[in-house]
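The values are calculated or read from the model by the stated rules, or taken from the named source; none is laboratory data. Being a predicted model, the structure only gives us computed values, none of them experimental. Neighbour counts are summed over all protein chains in view; Cβ atoms, including those assigned to glycine, are modelled from backbone coordinates with ideal geometry.
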Amino acid sequence: MLFQLTDRPIEPLISSLHPHTGAIVTFEGRVRAVNDDREVSSLEYVAYPELALHEGHAIVSEALERFDIIGACAIHRTGHLVINDIAVWIMSAAVHRKEAFEATEYIINTIKARVPIWKKEHYSDGETTWVRCDHCANPHDHSKQSKASLKRKRYATR
Amino acid sequence: MTILHITYFAALRDATGYSEETLTTEAVTAKTLFYELTEKYHWRFTETDIRIAINDRYRPPDTPLKEGDRVVFIPPVAGG
C-alpha cells in the first residue's frame, strides 16, 4: 500500500513493511513538546479520508516516477497524539542513497502541501488552535525562507 | 436552484458548527458558493486560503456545480 491513514499507533505497521533492497531512507515526523515558544501537550490530526488517500497515493506514485527508487510508502496518523508519537512515517528504497533521500524529502514536502490533513495543537494552558503553515502550500519556499519567517501562523475561526 | 451536500473539516467545522449540511443554492460555481457561505458564517478565510474539492477530488474554483455534488472547502492543510 503506497499511502495509508491510521488511527492506531504507527510503530507496529513499520515492522511489517518489507525493505526492498539497497539504501533505505526513512523519515519520522514526531510530536514535539514546543511550537512557537508554546508548550504543546498533545496534537489532534483530522483527515478528509477520501481525498487524503487519493492525494497520498498520487504523491507516492509521483515519487516513484520522478526518482530512481525501487519502492516507497507513507503512513499518516489521525486522532489524538501525545508528545513523541509518530505522526507521519515515510520510506524510500533505492540502489543509491541520493535518490532515496530526494524521494523521501519530496514525499514529506508534498504531503504537507497537498494532503487534506489538519492539526489542532493542545497547549498545557488548556488552549487549542488549528495550525496553519502558509509556506507549506509551496514546499519549495521552505528552503528559501529564513527560520524566523517559517513560524507558523495561528488563526481563529470566528 | 441546485441541491448540494457540503462537508466541513477542522477550522471550518468549528466556524459553522456543522460537520455537514445539505443546502439549496443559486450559486453556479464553487467560488460563488464559497462567497455565499462566507456571508452566512462570517468565517475568516478568503478565497486564496481555500482549496475546493468536489466529489472527493480537488477542482478549480470556477468549476460548475451539479445537482447532488459533495463540496468541501479545504482550509490550509497542516499534515506532517
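Do you know which residues across the stretch A:88-112 are in a strand (DSSP E or B) and under 17 Å from A:L53 (Cβ atoms)? Even if it seems obvious, please write down each step before you answer.
Here is the first cut: in the stretch A:88-112, the ones in a strand (DSSP E or B) are A:88-94.
Listed by number, the residues that qualify are A:V88, A:W89, A:I90.
Within the stretch B:41-48, is even one residue acidic (D, E), within 14 Å of another protein chain (Cβ to nearest Cβ), within 22 Å of A:V131 (Cβ to Cβ) and in contact with a helix residue (DSSP H, G or I) (Cβ under 8 Å, 6 or more places away or on another chain)? For the stretch B:41-48, residues acidic (D, E), within 14 Å of another protein chain (Cβ to nearest Cβ), within 22 Å of A:V131 (Cβ to Cβ) and in contact with a helix residue (DSSP H, G or I) (Cβ under 8 Å, 6 or more places away or on another chain): present. Checking each residue in the stretch A:91-117 for being crowded, with 24+ Cβ neighbours inside 10 Å and at pLDDT 95 or above picks out A:A103, A:T104, A:I107, A:I111, A:V115, A:P116, A:I117.
Just one of the listed residues (A:A74, A:A93, A:A58, A:A52) is of a type outside the set (K, R), more than 16 Å from A:W130 (Cα to Cα) and more than 11 Å from chain B (Cβ to nearest Cβ), namely A:A93.
Note on the stretch B:1-40: residues that are assigned to a loop (DSSP other than H, G, I, E, B) and more than 14 Å from chain A (Cβ to nearest Cβ) amount to 4. Mind telling me which of the residues A:R77, A:R38 ends up being closer than 14 Å to A:I111 by Cα and basic (K, R)? One residue alone meets the criteria, A:R77.
Once the stretch A:18-32 is narrowed to residues that are surrounded by 13 or more Cβ atoms within 10 Å (Cβ to Cβ) and outside any strand (DSSP E or B), the residue that is modelled with the highest pLDDT is A:V31. Only residues that are more than 21 Å from B:D56 (Cβ to Cβ) and outside any helix (DSSP H, G or I) were counted across the stretch A:54-76, and they come to 7. Looking for something in contact (Cβ under 8 Å) with a residue 24 or more places away in the chain, more than 24 Å from A:V46 (Cα to Cα) and of a type in the set (D, E, K, R) - is there at least one such residue anywhere in the stretch B:11-26? For the stretch B:11-26, residues in contact (Cβ under 8 Å) with a residue 24 or more places away in the chain, more than 24 Å from A:V46 (Cα to Cα) and of a type in the set (D, E, K, R): present.
The residue that is farthest from the other protein chains (Cβ to nearest Cβ), counting only those in the stretch B:57-77 that are part of a loop (DSSP other than H, G, I, E, B) and within 10 Å of B:T2 (Cβ to Cβ), is B:E67. Could you check, for the stretch B:60-71, whether at least one of its residues is surrounded by 16 or more Cβ atoms within 10 Å (Cβ to Cβ), within 9 Å of the chain's Cα centre (by Cα) and at pLDDT 95 or above? Scanning the stretch B:60-71, I find at least one residue that is surrounded by 16 or more Cβ atoms within 10 Å (Cβ to Cβ), within 9 Å of the chain's Cα centre (by Cα) and at pLDDT 95 or above, so the answer is yes.
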